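I have placed the structure first, in the form of structure tokens, so that the comments after it can refer back to it.
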Amino acid sequence: MKKLGVLAGLLALSFQAHAAEPQGWDNGGWTLHLGTGEASQRITVNRETAPLWQHRFSGSRIELVGELGLSYWWTTQDVQAGYSSHNWQLSAIPLFRWWPGDRFYIEGGVGATAFSERRFHDKNISTTFQFGDHIGAGYQLDRTTRVGLRISHFSNAGIKHPNPGMNVVQLTLGKAF
């Protein structure tokens, strides 16, 4: 738990260090995701790219961004013998984001992830390689700050069984530099 506090503190300091020169999301930014689901918690730090593609129409826009992330999962509940109480995850997610106006957005994407453990808490996910499906919505508070809610599902798409999948609901905070 102490590691998570240090990680969140470093990210907050990084946000403050760049606050004097707001550039907006045209250059990308960083996002922090705090999540919970199925007796586990997850903290993620993502590097979001600048828009890779963008299309404007009728007062709205659609953009494609990339997210590269590092996550740490943990559980405080009893763990079965041979299972881990924590799990690291790397991810690369192409994400479409629709902005119907200037501040509100809806997002969705599917990408590749890799876990450090196949047996976490009470689940055997069979493979360290998983697909991540994400859907969410959010609001841009100002030119450089966004908040949102995202639901994510991780599964190996039936490559190997068992394939129980893992789900998480996350609060997100994003900061552009």
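For the chain, compute Rh as the Kirkwood radius over C-alpha pairs and then the Stokes-Einstein diffusion coefficient at 25 °C and 0.890 mPa s; write the answer in µm²/s, rounded to an integer. If you can, show how the numbers build up before the last one.
On the way: Rh = 17.0 Å.
Estimated via Stokes-Einstein, D reaches 145 µm²/s.
For segment 78-134, the alpha-carbon coordinates run over 51, 22, 13 Å along the three principal axes, in decreasing order. Roughly what percent of Cα-Cα pairs across segment 29-108 reach past 22 Å? For segment 29-108, the fraction of Cα-Cα distances above 22 Å is 41 percent. Would you tally the net charge around G69, using a Cβ to Cβ cut-off of less than 11 Å, leaving G69 out, and scoring K and R as +1, D and E as -1? So the environment of G69 carries a net charge of 0.
Values quoted throughout were computed directly from the atomic coordinates according to the rules given, and no laboratory measurement underlies them. All of these numbers come straight from a predicted model, not from anything done at the bench. Using ideal geometry, Cβ is built from the backbone for each residue, glycine included, and neighbour counts are taken over all protein chains shown.
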